[in-house]
Every structure is written in C-alpha cells, then in structure tokens.
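One structure is given here, and the rest of the page talks about it.
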Amino acid sequence: MKNLKKGLSILTFAFVMLISLSVVNVNAAEIKLEDKLTELKGGTALTITKDDTLTFAGETWIGENGRISLVSGDVTLKYENNVVNITTNNTVSVVNGGKQFIMQIDTGSGILPVKLTNSENSTLNVEGTLAIPAGSKGVLINEGTVNVYGNLEIRSSGTYTSTGTTKVYGNVAVLAGANTSGNIGNSIFTLYEKGNIYSEKEDISLNVANGLGDAYEIVSNNKHYVGNTTTPNETDCEYGYTLQAKEVEEVPVVPGEDETTQNNPTEEVKNEEVNPETSDGILLFLGLTVVGFAGTALAYRRLHN
C-alpha cells in the first residue's frame, strides 16, 4: 500500500511539472518587431512578458541577454501620435551591462521616436547605457525608481521627467545647451558614492541631491564625461557634480580640572584652627582659678582683722 501511495505521488508530481512546463512553453514567444510594425503602426498594442523575446534586425532588444531584460512584469508597446509608447507594468527591467539602448526605432525607411514610461511600482536599472536621443526627441518618464549604475544620457532635445526616484551610482550626462532646464524640468537626481552628474552648459545644482547625509558633501568633479553608445562619446562640460566625504575636524583636548591639578601641583596651605571646644575648656579653667585665689585672699583678711 505504501509503495502504491509513493508511486501515485511521483506520478502526480511528474504530471504537475509537465503541465507547468507546457504552460511556460505556450506562453513564451519569440516576436520579430519587423513582422509586427504594420500592426503596431495601425494602433494594435503589443505586450512583452519576461518570458518573451523581442528581436529587431536580428538582435534581441527585449529578452535574456538582450539590450533590455525583464526580471518581472511586462511592457506594452503602442504607437500613438507618431510615437512608440513603451510602458512598464509593475516591472523590474534592466538595461544590461555592455549593452546600449538609444530610445528610437530605425525601420530603415524612417526613425520612430520612443517614449518610455517607467510606471509607478516599477524599477528600471541602467547597467549599460540608456540614451535619450536628440534627433528623434526621445522622452523618458519616471514615475517609479530609476537606478543608474552605468550611463544615462539626456541629449540636446531629449527629455527626462521624473516624479519618482532617480538614484545615481554611475553617470548621468545632460548634454544640452543653455536650455537644459527644459530637458530635465524639476527632476531630482540623488547622488551616491562614486556617482557623477554632468551638465554641458547649465548649472543644474538645484536638481542634484545628496543621498549619503551630512558625512558627505556635493563637490565639482572633473567635468569630463566619457560615454559609449554606438561610438565613444567624450564631452567637456561646464558643470559636474559628485560626492566627497567631509574631512573630520580634530577637536583639541582641553585638560580637565583634575588633570590640571595633577600636572601643576601647588603647595597646600594648611590653616591651623583652634578647636573651639578645647579653647572654651581652658578659659573656664583659668576663670575658676582666679575666683579661687580671690576667695582665699578674702577669707585670710577676715581672719586677721
């Protein structure tokens, strides 16, 4: 009977695993974006899950070891107002290290601008390079959390709008002219150790926050940004910001009263005081003696008179 139960348990487990694997295989899809462009531009939304692979021109754009990987959740692509809107849905996504994603789609017959929205409750980790391009006027909207470990480039006509949290452990480069405030608005970039923020033409110190507290201060960096997208990109900027640990000020030791007394001994002045009780006893003795002599003398006189 025990063997029968054991056998049934094994069969049940194997059946469940088989069903699970079948579901994964059915749900996972390899999607070629070039095959979906007509539908996409016609208004049909395209959803990519973490198990799917989206390729374009023979390269993996979204998927394992692609330009972008989804750890959880899914993203939706929808073409509206001549822009490809990519929206994350409760997603943890990664721009992979060594990879770069310029936010535009070159179809061969034209370039489609991209607006990427990292929605609330979503996290985008930039480990490679994410570039918001100039020519196609890319837009990155952050309503959740963006962690920059690699490079985030905001180019001259690109826009970054953040109502969420942007943490900078790598490099953020605002490569724009004197209208930089129009590229980043009121977005706040929070610096952490080894993080750098570059601004090509405009002081954006009001957009920079210290993430490490009073032990650190925001100072200027070398102002030379080195990026790497399709080709290495080096820019000398007028402004640059990083964190630096504050120097600990040594407080001189002031000797205490006890130490002063020990190091500078002084002669102790002793005031000899008469014990009040002893003094009173002596005076009383002298008084009684005087009275005794006086009494004796008076008695002697009376006897001889």
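The values are calculated or read from the model by the stated rules, or taken from the named source; none is laboratory data. Here the structure is a predicted model, which is why all the values come from computation and not from measurement. Methodologically, a virtual Cβ is constructed for each residue, glycine included, from the backbone with ideal geometry; neighbour enumeration extends over all protein chains shown. SASA here: full protein model, heavy atoms, side chains in, ligands and nucleic acids out. Shrake-Rupley method; radii C 1.70, N 1.55, O 1.52, S 1.80 Å.
Brief remarks on what is shown
- Residue count for segment 61-96 satisfying the condition of being on the phi > 0 side of the Ramachandran plot and either touching a Pro at 6+ places or on another chain (Cβ under 9 Å) or among the hydroxyl-bearing types (Ser, Thr, Tyr) (or both): 1.
- Any hit, segment 207-228, residues being within 19 Å of Gly150 (Cα to Cα) and among the acidic types (Asp, Glu): no
- Screening the candidates Val71, Val83 for the property of being open to solvent by 30 Å² or more (accessible area, probe 1.4 Å) and either among the polar types (S, T, N, Q) or over 27 Å from Ser156 (Cβ atoms) (or both) yields one hit, Val71.
- Enumeration of residues in segment 179-192 that are over 11 Å from Tyr160 (Cα atoms) and modelled with pLDDT under 95: Asn179
- Meets criteria (open to solvent by less than 40 Å² (accessible area, probe 1.4 Å) and within 21 Å of Lys99 (Cβ to Cβ)) for Ser199: no
- Within segment 31-50, if we keep just the residues that are outside any helix (DSSP H, G or I) and basic (Lys, Arg), the residue that is surrounded by the fewest Cβ atoms within 10 Å (Cβ to Cβ) turns out to be Lys32.
- Only listed residue being among the basic types (Lys, Arg) and more than 25 Å from the chain's Cα centre (by Cα), chosen from Lys50, Lys99: Lys50
- Among the residues of segment 130-179, those identified as over 18 Å from the mean Cα position of the chain (by Cα), under 23 Å from Asp236 (Cα atoms) and open to solvent by 10 Å² or more (accessible area, probe 1.4 Å) are Ala134, Gly135, Lys137, Arg155, Ser156, Ser157, Thr159, Leu175, Gly177, Ala178, Asn179.
- Yes/no for Val126 being at pLDDT 95 or above, crowded, with 24+ Cβ neighbours inside 10 Å, more than 24 Å from Asn82 (Cβ to Cβ) and within 25 Å of the chain's Cα centre (by Cα): yes
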